[in-house]
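A.B. asks: Starting off with a structure, shown below.
The values are calculated or read from the model by the stated rules, or taken from the named source; none is laboratory data. Nothing here was measured: the structure is a model prediction, and the numbers come from that model. A quick note on method: Cβ atoms are made from the backbone with ideal geometry, for glycine too, and the neighbour counts reach across all protein chains shown.
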Amino acid sequence: MSMTSTPRGMGIEHRIGEGIRQDLRQSVQAVGSIRIPEFLLFFLLVTHSVLPIPSIGFPIANLLMVAAVGLALLRRPTHSLERVEWIIPVMVLGLFYVCALSMFAEPTEFAADWQGRALRIAVTFVFALVIGSGRICLRSGLLGYTAALILNVPLFLAGLLPAPYGQYLTGFIGDKNVAGMVYCIVGLLVLAVVQRRWPQIALVVFFTSALWLTGSRTSLAAFGAGLVWILISPRLPVLGKWLLGAGIYFVVELLSEDYSRIGTFSDREGSDLLRSRIDAAAEIRVREAGFFGEGLGEAYVVFPDDPLKSWFFHNSYWSALVEGGWPWLMVALLLTVLVALRPFSQQLSREEMITQAAGIALLVCATRLGEVFFTISWALVLGAAIRFGPQAGGGGTAPSGRKQNSLNRGRNRSAPEAAAARWR
């Protein structure tokens, strides 16, 4: 018996050692496949606020997106936009409409510069298109973005980064609500570039912890909704997914209404009263804006007892209604829902399911986190959804959700270079 057990033990040790060596080889190959320009550009999109980068009168984030677009123009597309080419005229017409409205409207006292806002929206949309076309490597970009977000946490906790909201995590990002949205959306999207189970679990734990540090209850709920979608939706038909989406909406609303000040959030009464006051004033502005809106930069409120200070909306849907009315809100929802969520599709690849989850999280964040549509996070979701969507010839979808779930369990051991190629 001992003679048979020894070789068996040696076989197990050999297999474990071989597995470790294979993991190390694949990790080195995966790191080697990262494109440095995309990694650095996306890294700077997070960290630029604390770096001595001259803005030359133009927001640095916009300059970095323009640089990414310029880099993309030097390369050929790897993914066809034919299936979603309708979004270009929709966005052009929508932006033309809201710009014309802003041009002829009389701006209020604290309104933001509508030309600058329109330019940023246009740059953000083009940024999403070049991501979707595969002209820039989304995998490398997301890894650079994630690296910056990971670095942000220890530097912030060490007191080396700005902390305008006290103990709540901001750092490179500056605003805790924006930080919550960024950690939520990127924390979901990066799961698509990581194929192995344990790194995925580690990322989920890290981003959940980071979201907790931001103190953003809406972002935590959105991140949880995205994870639930990733775990459950692949097993459901289209109708089941719709019901799951309705259930997620109900639970998020219930948590936000009845359980938003329990436990560690019990000290939020003051900030919640301010938010309620802003929401009440914002609702009045939505009614006053009417069907067509009042122009870009008008999504703010001023209180009579503090007329020298303005407050931005906490609801991105209301922001769109005030700036461009129902036509502008429909543009934002058409692009987000039909492209990112693809609500009528049954068989989706693993990457498409993750992007779908990020789209759901984006819509949840838009209910209470101010500016969400037409931001960099929105562009990442839209670009990833286009990039992972089916090609014009009909390819790109998975044969079944169950088969794709096996990727999450680590059963598919494809070479890293082959996985990286899918992201280019």
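A.B. asks: Of all residues in the range 173-214, count the ones that are over 16 Å from Y145 (Cα atoms), without any contact (Cβ under 8 Å) to a residue 60 or more places away in the chain and in contact with a helix residue (DSSP H, G or I) (Cβ under 6 Å, 6 or more places away or on another chain).
C.D. replies: The number of residues fulfilling the criteria is 2.
A.B. asks: Same structure, new question: Would you mind telling me which numbered condition in (1) on the phi < 0 side of the Ramachandran plot; (2) under 18 Å from the mean Cα position of the chain (by Cα) G134 fails?
C.D. replies: Every listed condition holds for G134 apart from (1).
A.B. asks: Just wondering, is there one or more residues in the range 274-291 that are out of contact with any Lys or Arg (no Cβ under 9 Å at 6 or more places or on another chain), touching a residue at least 40 places away in the same chain (Cβ under 8 Å) and either exposed (fewer than 13 other Cβ atoms within 10 Å of the Cβ) or in a loop (DSSP other than H, G, I, E, B) (or both)?
C.D. replies: no
A.B. asks: Oh, and also: Go through the range 292-306 and give me each residue that's surrounded by fewer than 23 Cβ atoms within 10 Å (Cβ to Cβ) and over 26 Å from the mean Cα position of the chain (by Cα).
C.D. replies: Listed by number, the residues that qualify are F292, V301, V302, F303, P304, D305, D306.
A.B. asks: Can you tell me which residue in the range 94-152 is nearest to V182 (Cα to Cα), limited to those that are among the aliphatic types (A, V, I, L, M) and outside any helix (DSSP H, G or I)?
C.D. replies: I136
A.B. asks: On the basis of being in contact with a Gly (Cβ under 7 Å, 6 or more places away or on another chain), more than 22 Å from L40 (Cα to Cα) and of a type in the set (A, V, I, L, M), does V98 make the cut?
C.D. replies: Judged against the criteria, V98 is a match.
A.B. asks: Here is a follow-up. Residue check: is A100 under 27 Å from I34 (Cβ atoms), of a type in the set (G, A, S) and at pLDDT 90 or above?
C.D. replies: Criteria not met by A100.
A.B. asks: Looking at (1) surrounded by fewer than 20 Cβ atoms within 10 Å (Cβ to Cβ); (2) over 25 Å from V322 (Cα atoms), which is the only condition I131 fails?
C.D. replies: (1)
A.B. asks: For the range 139-150, does any single residue satisfy the condition of being touching an Asp or Glu at 6+ places or on another chain (Cβ under 6 Å) and farther than 20 Å from A67 by Cα?
C.D. replies: Checked the range 139-150: no residue is touching an Asp or Glu at 6+ places or on another chain (Cβ under 6 Å) and farther than 20 Å from A67 by Cα.
A.B. asks: Is there any pair linking a residue in the range 296-319 that is on the phi > 0 side of the Ramachandran plot to one that is outside any helix (DSSP H, G or I) and aliphatic (A, V, I, L, M), with Cβ under 8 Å and at least six apart or on different chains, and which?
C.D. replies: Sorted first by the residue in the range 296-319, then by its partner, the pairs are G297/A111; G297/A112.
A.B. asks: Still on this model: R235 - would you say it is crowded, with 22+ Cβ neighbours inside 10 Å and modelled with pLDDT under 95?
C.D. replies: no
A.B. asks: Among the residues of the range 68-89, which ones are part of a helix (DSSP H, G or I) and surrounded by 15 or more Cβ atoms within 10 Å (Cβ to Cβ)?
C.D. replies: A68, V69, L71, A72, R83, V84, I87
A.B. asks: Same structure, new question: For the condition of a type in the set (G, A, S) and either farther than 30 Å from F344 by Cβ or in contact with an Asp or Glu (Cβ under 6 Å, 6 or more places away or on another chain) (or both), what is the one hit in G187, G171, G240, G226?
C.D. replies: On inspection, the qualifying residue turns out to be G171.
A.B. asks: Looking at (1) exposed (fewer than 15 other Cβ atoms within 10 Å of the Cβ); (2) modelled with pLDDT of 90 or more; (3) not in a helix (DSSP H, G or I), find the lone condition where K309 falls short.
C.D. replies: Here K309 meets the rest and fails (2).
A.B. asks: From the list L362, L334, L338, L382, exactly one residue is out of contact with any helix residue (DSSP H, G or I) (no Cβ under 7 Å at 6 or more places or on another chain) and part of a helix (DSSP H, G or I). Which is it?
C.D. replies: Going through L362, L334, L338, L382 in turn, just one is out of contact with any helix residue (DSSP H, G or I) (no Cβ under 7 Å at 6 or more places or on another chain) and part of a helix (DSSP H, G or I): L338.
A.B. asks: To continue, here is another question. If you go through the range 226-239 one residue at a time, do you hit one that is charged (D, E, K, R) and within 30 Å of F313 (Cβ to Cβ)?
C.D. replies: So far as the range 226-239 goes, no, none of its residues is charged (D, E, K, R) and within 30 Å of F313 (Cβ to Cβ).
A.B. asks: If you don't mind, another one. How many residues are in a helix (DSSP H, G or I) and either under 17 Å from the mean Cα position of the chain (by Cα) or crowded, with 24+ Cβ neighbours inside 10 Å (or both) when one looks only at the range 153-182?
C.D. replies: Qualifying residue count for the region: 7.
A.B. asks: For a quick check of your reading of the model, give me the residue pairs whose first member lies in the range 154-172 and is more than 23 Å from S271 (Cβ to Cβ), whose second is at pLDDT 90 or above, with beta-carbon atoms closer than 7 Å and at least 6 apart or on different chains.
C.D. replies: L155/L161; L155/G171
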